[in-house]
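Below is one structure; the comments refer to it alone.
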Amino acid sequence: MSLTSISEPMHRLMHGFKSEMRRAVQDADLPLPMTHIRVLKVIWKNPDCTAQVIAQRMLRDKAQITRVLKELLAEELIRKDAHPEDGRSQLLRPTTRGEAIIARLHALEIQTTEKMTRDLDPADIDAFVHLANTMADNLATIGAGASDGDPNDERDDDSDTGPESVKGDPIHA
């Protein structure tokens with residue numbers, strides 16, 4: 001396989017996963033736009049999460065993130081806690097309601113992942129995960145604003161809900 005042939009299957013896979021997740025989220029009547037879901041996931045995964053952390057991670061304007069956070073606060077899906085080390089910022093945490101949304105999303109991601117990998121051997125899945133992480137790490141070392149190495153970094157378009165493996169992540173996300 002030539003190196004130039006990697007881009008097409010990678011694009012098809014990313015598009016297919018995003019489309020399937022978007023459909024699953026709509027079918028499950030999750031009450032949030034994908035951007036809000038992505039922000040909620042970033043908050044859930046990062047114990048020291050602030051608005052600035054989200055803006056940097058998602059490569060979005062802080063004003064846009066602030067608008068999303070305001071809506072998540074109004075829906076009582078997140079809360080703000082005092083930052084123990086920086087009195088100027090607040091830590092963002094999911095509420096019980098926010099965690100319930102995350103749990104529902106996790107179930108959808110498991111279903112989508114099972115559908116996507118149904119004809120694959122576990123060794124093939126392990127090899128894919130290893131290769132995808134290596135490729136993402138390679139890209140993370142190129143240029144400013146690159147990912148921190150997370151192959152499912154929240155830094156692309158608003159439709160991403162990609163599966164991520166984070167320490168003890170019940171979201172698969």
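Relative to one another, the C-alpha centroids of the range 22-90 and the range 92-109 are positioned 12 Å apart.
Counting only Cβ charges, +1 for Lys and Arg and -1 for Asp and Glu, the dipole size of the range 1-140 around its Cα centre is about 620 debye. Sorting the segments 112-123, 22-33 by their mean number of nearby beta carbons within 10 angstrom, highest to lowest, gives 22-33, 112-123. This model, with +1 at the C-beta of Lys and Arg and -1 at the C-beta of Asp and Glu, gives the range 1-81 a dipole about its Cα centre of some 220 debye. Taking 7 Å steps out from each Cα toward its Cβ at residue 46 and residue 119 produces label points 3.9 nm apart.
State in Å² the accessible area per residue of the range 1-140; use a 1.4 Å probe, count heavy atoms of protein chains only, and round to the nearest integer. Before the final figure, lay out the partial values.
On the way: 8650 Å² over 140 residues.
In whole numbers, the range 1-140 has 62 Å² accessible per residue.
Pop the C-beta distance of residue 71 and residue 93 into the FRET formula with R0 = 22 Å and round what comes out to the nearest 0.05. Don't skip to the end; give the middle numbers.
Values: r = 16 Å, r/R0 = 0.73.
My answer for the efficiency is 0.85.
Calculate what fraction, in whole %, of the accessible area of the range 1-53 sits on carbon and sulfur atoms when a 1.4 Å probe is rolled over the protein chains.
On the way: 1760 of 2940 Å².
Here carbon and sulfur together make up 60 percent of the probe-accessible area.
Note on the range 39-151: dipole from Cβ charges, positive end direction compared against 111, 90, 134; the farthest Cα belongs to 90. Annotation: lysines with alpha-carbon distance below 29 angstrom to residue 115 (same-chain offsets under eight excluded): 18, 41, 45, 167.
The values are calculated or read from the model by the stated rules, or taken from the named source; none is laboratory data. Computed from a predicted structure; not experimentally measured. Cβ sites come from the backbone with ideal geometry, for glycine too, and all protein chains shown count toward neighbours. Accessible surface areas use protein heavy atoms only, side chains included; no ligands, DNA or RNA. Shrake-Rupley method; radii C 1.70, N 1.55, O 1.52, S 1.80 Å.
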